[in-house]
Every structure is written in structure tokens, then in C-alpha cells.
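Please treat every number below as a calculation from the coordinates, not as lab data. All of these numbers come straight from a predicted model, not from anything done at the bench. Every residue, glycine as well, gets a Cβ built from its backbone with ideal geometry; the counts of neighbours run over all protein chains shown.
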């Protein structure tokens, strides 16, 4: 499709074209307008294509290869390691820690989505009401989302310490409990702690997306429902939710994708402990790859499980984003 | 109750609910700021003080290594250097994201290219790919080409947070520019590059600011690539510094608090001066992009 112009273009012509604004349009190179624009479009895209190939395509392909390799600290300096067949996958699905991490990732993800959606939707509804200070309230909700994730991990670690943590302090001051709860030292509670931290983290995203969807519900529709005698609950269930359903779907889908890849938060908060009770696929894969054994192959196999989990969503995401995909009409038409 | 009274009651109830929600949402941030001004003794006393108790700047002196304050920091490593490193990484990510994304978004919105659909789909999928997958592979690739522990490697990796998002947001913005602008420029004899540089970029300022802010926050806040690609030696951004202070066995809370508070500064500044750009980006990038 891309062909160079057959006629040589004179240097003088090229210089004349470079001058802006060019008055004399006759001195352009003999490249038809359409070809010229195609060429320019491609040139504008070159950096992005190169970047995507190097930082997305290459690592993904390489990760798939790595999943079939027998790696050790000795092989890390090389680009490839001996072929291992499906040993790494066999390991990942038989190793209790890896299996636990996979199951836990699901629990963590669905727990997070449930909490984030309920709280986020409640706040979105709240912010749609008129009350003094709602603009500032809405802007402050973004805070958790702006912070570096490792900082969020640290904040929750500080708050949930057994000794001197704000949460235990509050519960004891109010009189709900009479002893310090071992939030981070009890394997069962530690999972709930990372779940709470992640829900906190996801509230801004859910609130803002659902809020902006609620703004798009036509006022007339709501008023008509009121006139027809629908109560608040009926209005929500029968009018508002169906209208904003597409946004709810996208939000949950993206929430799923964001949650299965949570890493920093858990590393900062529990480091996967105690006794690996908060290891997710991401943190456990990191341990396998970057631990003392340098078993990058096993880590990559687990990564690929995660990748499949995340990419399962992509057809659905593309379907939901089809509006943006269809808009490809350019200015050169 | 009259209708008017009821709507007033509802208004105050809403305000109250919003205040409660905000206290819960903002308390963690408050706790860390207060904690960063507490003395080591207070932090280890086993009691949390709701208001600053015997406020001191010792933690900040420790992390910035200003004199030898009373705090007993066991970890050495100046946070001043970490902050500089994070600034370089953040600005580098902004530069990379803009250089790659602005022309690409323009091409994907204003030129009719055969690859548009493929590239836009790839970008949507790229946003889904977990960073740990990229980090593991990129570490070995960078190791192989001797780029581990360098700024370019980290910035290239951090671009993966920013670039797909940036292209999609900018593309959505470019759709809002009338095509007549480009026609007019072409009729006036402008080259494609001149049209892009002199007409399109100046008009895209607000979208570019949004994208730049996101890229900066992504580069500044990145931990996963810093942990893997920097491999714990040499260059240390602030996120990695916090992790170091966190330690494996005992946590140096004073230093952690102060570093965490410093790491929150860009978020605070963004919220104070550029909040509208962030809110736009958050919604534009994920639904309308």
C-alpha cells in the first residue's frame, strides 16, 4: 500500500514545502494527497507500534516461552533456557501454595468487587443528591486512587497493627472488643485486611464511573417515574439500573481486571504472609521468579494462568467498547 | 412533615452521610500524616494518638539525613536521592508517553488507516495485561541486553501504565476537533507535520495535561517495575525506599511514615491544582475511550 513516489523530488521543492505557510502549492512533491496522508499517518504511528511490540508483545510471547523452560540462576543471563515441556504447569497445578494462590485470587477479586460496587454505588447515589459541599466531597473521594499503591499498603499496615494501630484503638475505645485483634498476624484475618484495603482503594473508581453514568439518566425519565408513583427503590431497580447497566458492566469488568493484578498493595501490607495466607497469583509468581531458586519458568507458568484469566475478559471488553472502535473515520476521507 | 421540611431533612442527612463517608475514606491519609510527625517513642508506645502527640520533625530529618537526630534509624539511604530518582522517573514517563501517544492518537483519530481497528483493540487489551507478567519477562530481556538497573529500562516499563491509556484518552479528544481544521490547513499548504505541530497540538493542551499528569503519577508511584527491573541495587525511587524501610523483620515506622507522607505529595498537589483533569481522565479513559 505504501509506495514511494516514482518521480524524484527536487531538493528545492522539498525546501519550499518545508516553509510554512507555503504560498505556492505547485511545488509540492508529486505524491498524491491520499498517499501523502497515508504515509504521514503511518509515520505518526511508528513510535507507538514499536513501543507496543517491545513492551507488550515481546514480554507476552517471551512469558509464554518461559513457561516451557527449565530456568535456574545460571540461565538468567541467557535469553533462553533448556526446554522443560509442561513441567512448570504441572508444578503450578500440583503445588499447594500455587493452587491456594489461584483460589485466593478469585476470592479476593469477587470479595473486592462486591464491596467496591456496593459502596461505590451508594456513594454515587449519595453524590447525585443536592446537598451543601457535594462538589468538594466528590473531589475528595478520588484521594485513595491517586496514592502510590505501596503507600496504601503501608497505611493499612500502620492502621491495622495489633499494638498502636488506629483500628484496634478505636474498637477498644468504643468498647466493641476488649483485646487487641491480630489483624495481620492471624492468617484468616490477614486475608480480610487485604480485602478491606483493596475495597478502600477501589471506591473512587466505582464511585466516579457510576456517578457520571447517573448524571446521564435523563431528568424527564426520573420525573416521569415519580409522577407515576414509583417509590425510591422501584425507581432505582426498574428505571435507573437498567439505564446505566452498560456502565455497570464495564465498571465491573475493569474492576475485575484491575483486581486480579493487585500486587503492590499486598506486598506493602502483608508481604503475602503470615504463612503465605495472603499470597495472590501475582505475589506468589513474584516469589517463584525472583526468589532464591530463580525458577522463572514456574513463575511464568503462573503468570500465564493470570494472563489467561485477565484476557478472558478482553472479548467482552472489546464488545462493550465497540462504540469507540467503530469510530475510525478520518479527516482524509 | 411538609414536603419542604422533608427535602431539608434529606439534604442534611445527605451531608451527614457524605461527611461520614469522607472521614472513613480520608482517615488513612490523615493517620499517616499524623504518624509522620510522631516521635519514635510514641510510634512504638503501643498507643495510637488521634491528634499529634509531642510533634517532631525527627522522622523527616532521619529520612533526609539532616544532622543526626535522636531517631535510631538502622537503615541508611538518603530519601533526598530517592525523591530525585522518582522525579526523574516520573518526568521520563511523561516525556515517553507524550512522544509516543500524541502522534499515535492523532493518527488513530484523524487518518483513515487500515491498522486503526487492530491498534485500538490492542490498546484496549494492553490495559488488561497484568504488570507482573510484563515485569518478569522485561527483567530477563533487560538483563540480557544489559539494561537492568538503568533509568531507560524503568521508564520504558513504566510507560506500560501510561501509554495505552494516554492514546485512548487523546484519541477520544481528537475526535472532538472538527475535521475542517485539518482540511483548512491542507488547503493553506501546510504539511501533515505542520498541521499536527502548529494546529492540533496547541488545541489539545487540556487533554495533554491530563495524560501528562497520569503518566507522572504512574511513574512516581510505580513499585512493581522498580522492584523487579532495578533489582534492589543502585537506583532507588521513593516507593522502593519505603519498601526498604518496611524491612523484613522490624519496621522503622518513623522513617516509613515520613517517606510515605512524602510519596503522597504529588497526589496532594494534583488534587489541589489539577483535580478536574484527573476526574476527566478517569472517566474518559475507561468508558468513553
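Relative contact order of chain A, taken over Cα pairs closer than 8 Å and 6 or more residues apart, is 24 percent. With a 10 Å cut-off around each Cβ of A:163-171, the average count of Cβ atoms from other chains is 5. Note on chain A: helix-only mean residue ellipticity at 222 nm, from DSSP H runs of 4+ residues weighted -39500 (n - 2.57) and normalised by residue number, equals -20000 deg cm²/dmol.
Taking N as the residue count of chain B, its C-alpha radius of gyration divided by 2.2 N^0.38 Å amounts to 1.25.
Between residue B:146 and residue A:221, what FRET efficiency follows from the Cβ-Cβ distance if R0 is 60 Å, with the result rounded to 0.05? It comes to 0.45.
Rounded, prolate or oblate: which fits region A:162-234 when a ≥ b ≥ c are the square roots of the eigenvalues of the alpha-carbon gyration tensor, with rounded for a/c under 1.5 and prolate only if a/b beats b/c? Prolate shape, in that a/c is at least 1.5 and a/b is the bigger ratio. Entry note, chain B: relative contact order of 28 percent, from Cα contacts under 8 Å with a spacing of 6+ residues.
The stretch between residue A:34 and residue A:178 holds 44.1 nm of extra length on full extension. This uses 0.36 nm per residue minus the Cα-Cα distance.
Helix B:79-110 and the longest principal axis of the C-alpha atoms of chain B enclose an angle of approximately 20°. With axes computed from alpha carbons, what is the tilt in degrees of helix B:151-175 against the longest principal axis of chain B, rounded to the nearest 10 within 0 to 90? Roughly 50 degrees between the two axes.
Per residue of A:195-204, other chain Cβ atoms within 10 Å of the residue Cβ number 1 on average. Between the beta carbons of residue A:83 and residue B:112, assuming R0 = 51 Å, the FRET efficiency works out to 0.70 to the nearest 0.05. Rg then Dmax, both in Å and based on the Cα atoms of chain A: 27.3, 89.
Nearest 10 degrees, 0 to 90: what angle lies between the long axis of helix B:116-126 and the longest principal axis of chain B (Cα atoms)? The angle comes out near 10 degrees. Taking every alpha-carbon pair under 8 Å whose residues sit at least 6 apart, region B:137-248 reaches a relative contact order of 42 percent. For the peptide A:55-66, the mean number of other protein chain Cβ atoms found within 10 angstrom of a residue's Cβ is 6.
Global dimensions of the protein assembly as shown from alpha-carbon coordinates: Rg and Dmax equal 26.5, 89 Å. Its residue count N sets the reference 2.2 N^0.38 Å, and the alpha-carbon radius of gyration of region A:92-231 equals 1.36 times that reference.
Dividing the convex hull volume of the alpha carbon atoms of region B:3-64 by its residue count gives 102 Å³ per residue. Per-residue ellipticity at 222 nm from helix content only, as computed over chain B with -39500 (n - 2.57) for each DSSP H run of at least four residues, stands at -22000 deg cm²/dmol. Placing pseudo-labels 7 Å out from each Cα toward the beta carbon at residue A:308 and residue A:76 gives an inter-label distance of 2.8 nm.
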